[in-house]
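Report on one structure; see the data block that follows.
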Amino acid sequence: MNPLIPQLQSVVGEAHVLFEGDLSAWEVDWRKRARGKALAVVRPGSTAEVAAVVRACVAAGVSLVPQGGNTGLVVGATPDESGTQVVLSLQRMNAVRELDAANLTVTVDAGCILQALQEHARNAGFLFPLSLAAEGSCTIGGN
């Protein structure tokens, strides 16, 4: 096992560092045109955890591939074939944090699904006007 794995597990918890088994959900692009190989998939749950994961990877000389909904069309969220990159999956960071009606602003996590944001805004009497074909799976961080 790569020595970085236990460090990452100590940051986000063992259940949120995937490095064995089928990782194709994170290693294959949305159009299935490119396939990479990740050293690990790390799923932080907070910005503090993201920062700690970044620090650990920088110290180990390991590059990161950030990934939201993995619905992009340019293969930018797919690791290369080296098996040396860590996929930083933002899927756990999916909350709508605050909707400020007075200032017409909303604060959301990068992994928030567009459709969830639209529904939250609608329930508060507002419209979040962005609409995409992938709105049920694309994330705000990629928008």
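The average projected area of region 60-102, computed from the convex hull of its Cα atoms over all directions, is 5.1 nm². Distance between the pseudo-spin-label points of Ala124 and Ala25 (7 Å out from Cα toward the beta carbon): 2.9 nm.
Under the Kirkwood approximation applied to all pairs of distinct alpha-carbon atoms, what is the hydrodynamic radius of region 9-80 in Å?
Values: mean 1/r = 0.0779 Å⁻¹.
Computed over region 9-80, the radius equals 12.8 Å.
Each peptide among 99-106, 3-10 gets the average number of other Cβ atoms lying within 10 Å of its residues, and from highest to lowest they stand as 3-10, 99-106. Counting only alpha carbon atoms, the long axis of helix 114-123 and the longest principal axis of the chain meet at about 30°. Overall, the chain carries a charge dipole of about 200 debye about its Cα centre when +1 sits on the Cβ of Lys and Arg and -1 on the Cβ of Asp and Glu, all other atoms neutral.
Give me the percent relative contact order of the chain, please, defined on Cα pairs under 8 angstrom at least 6 residues apart. Intermediate values should be presented prior to the final figure.
Values: 262 pairs, mean separation 30.2, N = 143.
With pairs under 8 Å counted, the relative contact order is 21 percent.
Among 35-44, 130-139, the peptide with the highest mean count of other Cβ atoms within 10 Å heads the list, and the full ranking is 35-44, 130-139.
Computed over the Cα atoms of region 76-133, pair by distinct pair, the Kirkwood hydrodynamic radius stands at 13.3 angstrom.
Per residue, the convex hull spanned by the Cα atoms of region 20-143 amounts to 110 cubic angstrom.
Where a number appears in this text, it was derived from the coordinates with a stated rule and is not lab data. The structure presented is a predicted model; accordingly, all values stated were derived computationally and were not measured. All Cβ positions, glycine included, derive from the backbone under ideal geometry; neighbour counts span all protein chains shown.
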